[in-house]
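The values are calculated or read from the model by the stated rules, or taken from the named source; none is laboratory data. Remember, predicted model here, so these are calculated numbers, not experimental data. Neighbour counts run over all protein chains shown; Cβ positions are idealised from the backbone, glycine included.
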């Protein structure tokens, strides 16, 4: 069975254009529409019926649909993201709907019902998985969307996304710690669910290689989900012989760093930049990072830039316009355009007293 990907490739257009052409939107050039219809007929591809029911209807509402886990670390991040999106929607005269699947509802059922209800014009997905089925599902349904994050396959530019360069962010942490004299650096990470977890670990491993440091599996603890897991991981790395134990610990998110700080104190370890202390650094720059003791050295994700670009990209898709990349005011975060609808934002390093 041929998919919308096949039609887009054969017609030489984007998946979004195929979707809008087959679903009857009037903002597709007639010549292009006819070519797409012809190709779809030749490939025996049929657009989803629910999507066709949206023809001509606009709600001026977009949905934000993060994929949340049982762990608490994602909640503060997405609460902040929701606030930013709500503000940016106001600037575009749009309403924001935040939606999550309930326990008895499948992901597929949620998005199909959302599409058939005609409640939203498009969706911003979040917490993208390594192989995220939601992306293929929405492409098949024909509902416009933007992914906040990207799949593990970095060469796949078949869907629109805004992402943070997690790999570069962790490399910045590692470079800083190396410059401070650290050569035994442990890495503690959350479970391999969201794709950013893979990218952040890659940043750690690539930084080791770049500095000529040997990878040591005893210094890498992945799959940490809660405080107890993290305490046990810290105990294991600190139990190594003194010459092999870490002098610095990098975590994949600020919540894990908070647990690490507590675990180190419980073992009577000093934390900070001075000789003999253990440095701790992390990723996200959540609201508490600057106010804990010691204040957390971390990588800052520009929430205002992420929100603004994600919404502008979705609006450009809804209007069938080409996204024009502009640097948001009062920001210095480099933005790289990987494709016509794919953008990568470089985070920056915030140095505080924990490292």
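Restricting attention to segment 78-131, report how many residues are within 20 Å of the chain's Cα centre (by Cα), closer than 17 Å to residue 306 by Cβ and in a loop (DSSP other than H, G, I, E, B). Here the count works out to 2. Residues that are within 23 Å of the chain's Cα centre (by Cα), without any contact (Cβ under 8 Å) to a residue 24 or more places away in the chain, in a loop (DSSP other than H, G, I, E, B) and closer than 21 Å to residue 176 by Cβ do occur in segment 324-337. Take the residues of segment 174-212 that are within 20 Å of the chain's Cα centre (by Cα), more than 18 Å from residue 297 (Cα to Cα) and not in a helix (DSSP H, G or I): which is modelled with the lowest pLDDT? Taking the candidates together, the pick is 193. Might you check whether a residue that is under 25 Å from residue 77 (Cβ atoms), part of a loop (DSSP other than H, G, I, E, B), touching a strand residue (DSSP E or B) at 6+ places or on another chain (Cβ under 9 Å) and in the same structural domain as residue 93 (by TED's automatic domain parsing) occurs anywhere in segment 133-148? Yes, segment 133-148 contains at least one residue that is under 25 Å from residue 77 (Cβ atoms), part of a loop (DSSP other than H, G, I, E, B), touching a strand residue (DSSP E or B) at 6+ places or on another chain (Cβ under 9 Å) and in the same structural domain as residue 93 (by TED's automatic domain parsing).
Being within 21 Å of residue 58 (Cα to Cα) and either touching a helix residue (DSSP H, G or I) at 6+ places or on another chain (Cβ under 7 Å) or at pLDDT below 90 (or both) is a description that applies to residue 138. Against the numbered list (1) outside the structural domain of residue 94 (by TED's automatic domain parsing); (2) closer than 30 Å to residue 17 by Cα, residue 339 comes up short only at (1).
I'd like to know if segment 293-306 contains one or more residues that are in a strand (DSSP E or B) and over 25 Å from residue 183 (Cβ atoms). So far as segment 293-306 goes, yes, one or more of its residues are in a strand (DSSP E or B) and over 25 Å from residue 183 (Cβ atoms).
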